[in-house]
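I have placed the structure first, in the form of structure tokens, so that the comments after it can refer back to it.
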DNA sequence: ATAAGCACGC
DNA sequence: GACGTACGTGCTTATA
């Protein structure tokens with residue numbers, strides 16, 4: 001008989017070993033057959049587990065599954081056997097560092113977080129569901145009234161026909177690749193100038209999305225035994241090295257809109273002796289760009305704790321920082337964001353609602369003022385061309401076989417990946433190291449508070465109230481010291497506390 | 001079952 | 001002149 005976490009750990013190690021980024025440049029490993037949910041929070045025999053592996057096929061995996069059977073029943077610690085197989089493979093790919101120092105130590109951290117889960121306020125969600133249903137219905141009726149016809153508003157196909165054939169709102173309506181009219185948010189927002197029905201549709205979309213994906217779905221995923229929601233984190237799903245989360249995905253809980261944000265009130269501490277504590281990195285990806293590129297201006301802005309978007313705007317527009325307007329800052333912020341993703345003038349123009357010429361001027365100025373960043377972007381592309389991959393600070397690799405493609409589109413995509421992956425991946429390395437550190441510190445100092453969620457640059461804790469005062473600086477210290485960035489770029493994290501996730505954030 | 005279209009997060 | 005912002009999960013509808 002194995003302990004549940006024994007199985008879980010082996011499953012996740014396995015997952016990691018098979019990962020795209022570590023071993024196999026061709027494919028992805030994705031084995032969640034040992035997820036905590038299948039284990040039902042009880043010890044379980046290995047034979048039973050393997051019976052539940054379900055639809056995971058693939059020759060290599062089946063061979064290794066046999067090995068689990070072979071060793072696991074006798075000895076819960078099968079790591080050694082796996083090591084013999086996988087360590088040489090990792091050494092060949094030169095990725096053992098990120099495995100041994102980041103992914104493997106993270107395994108028990110994630111299993112603890114999954115096991116812990118999070119409490120959900122079901123009554124609150126049920127009430128909110130009714131509100132959203134009524135509001136959605138109101139909007140829906142308004143749409144039918146405007147259109148003079150009843151149809152299925154949930155169908156983009158039917159909606160497109162009503163908007164562009166019946167109401168003829170836009171003679172040049174864009175179509176999707178399948179020849180259907182596009183009716184996404186961008187299209188509808190432009191249409192709102194022509195006809196008020198667009199706003200009703202947008203509102204309807206928002207309310208029904210919130211209801212179906214979150215408000216009604218979350219209570220159904222509460223575990224009967226624990227009364228809590230237990231997500232599953234994947235270490236081998238995201239090519240850049242980020243975690244993923246599913247069943248439910250707790251990394252895409254709404255925050256942007258007023259009504260969406262409400263849902264965060266349903267994430268609550270385990271009882272009235274606890275509160276939620278949330279800590280997040282400030283501007284982490286931009287700090288990493290600055291540090292890795294060594295860009296003098298951007299590094300200095302961070303060292304002096306300046307508002308980086310304001311500093312950027314001052315440089316791009318050639319004015320003093322005091323003279324930067326809100327509008328200038330907004331545009332600069334958008335450029336900073338776009339730089340990380342290798343965005344061009346078209347994308348920036350689209351995003352900001354400005355002309356392509358203006359966008360081009362902004363980008364040209366940016367490249368001139370931030371030479372280090374411009375050089376860094378070129379360096380990453382050249383490195384990828386030469387080696388076929390790019391890597392993060394911890395040596396995580398992303399293979400980019402299309403980097404030398406003669407096809408403009410395909411190559412351009414690979415080039416953006418060459419720029420973005422080391423940044424996004426290094427941020428992932430950093431928070432993973434921080435999680436291991438926090439986890440260890442909580443154990444060592446016998447805290448009763450638990451780390452329960454990770455959302456890429458944020459960690460959430462179910463914290464005993466009397467521990468909060470000590471817990472907060474501990475979390476911040478672990479996060480800020482997990483990885484020291486070069487060029488003196490400081491890493492800053494911020495922390496908050498509240499009776500729900502919205503208040504804590 | 002699978003694809004398309006859409007929308008939520010960082 | 002192409003193409004047009006990185007990485008995900010999951011809902012509903014429509015078609016096979």
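Values for this structure:
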{"read-out": "Efficiency of FRET from Cβ geometry, residue A:297 and residue A:465, R₀ 56 Å, rounded to 0.05", "value": "0.80"}
{"read-out": "Distance between segment A:288-351 and segment A:418-472 - C-alpha centres, whole angstrom", "value": "28"}
{"read-out": "Projected label distance in nm at residue A:189 and residue A:387, using a 7 Å step from Cα toward the beta-carbon", "value": "3.8"}
{"read-out": "Stretchable slack from residue A:492 to residue A:259, in nm (0.36 nm times residue separation minus alpha-carbon distance)", "value": "80.9 nm"}
{"read-out": "All-pairs alpha carbon distance profile, segment A:335-479, 5 Å steps from 0, percent", "value": "2, 9, 14, 14, 13, 12, 10, 9, 8, 6, 3, 0, 0"}
{"read-out": "Among A:166-178, A:454-466, A:377-389, the order from most to least packed when residues are scored by Cβ within 10 Å on average", "value": "A:454-466, A:377-389, A:166-178"}
{"read-out": "Shape metrics for segment A:269-366, restricted to C-alpha atoms - Rg then Dmax, Å", "value": "16.6, 58"}
{"read-out": "Residue A:402-residue A:379 FRET efficiency (beta carbon distance; Förster radius 25 Å; 0.05 resolution)", "value": "0.85"}
{"read-out": "Packing rank of A:142-152, A:104-114, where each peptide gets the mean count of other beta carbons within 10 Å, highest leading", "value": "A:104-114, A:142-152"}
{"read-out": "Solvent-free Debye scattering, log10 I(q)/I(0), computed from the Cα coordinates of segment A:260-310 at q = 0.15, 0.18, 0.28 Å⁻¹", "value": "-0.61, -0.67, -1.09"}
{"read-out": "Shape call, segment A:443-505: gyration tensor on alpha carbons, a/c limit 1.5", "value": "prolate"}
{"read-out": "Förster radius 60 Å - calculated FRET efficiency between residue A:157 and residue A:445, Cβ distance, rounded to 0.05", "value": "0.55"}
{"read-out": "For peptides A:223-234, A:405-416, A:283-294, sequence by mean Cβ density within 10 Å, most packed first", "value": "A:283-294, A:223-234, A:405-416"}
{"read-out": "Difference of contour (0.36 nm per residue) and Cα-Cα distance, residue A:91 to residue A:138", "value": "10.8 nm"}
{"read-out": "For segment A:187-341: rounded, prolate or oblate by the Cα gyration tensor [a/c cutoff 1.5]", "value": "oblate"}
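No lab work stands behind these numbers, since they all come straight from the coordinates. Only a predicted model underlies this, so the values are computations on that prediction, with no experimental measurement involved. Counting neighbours? That spans all protein chains shown, and the Cβs are built from the backbone with ideal geometry, glycine included.
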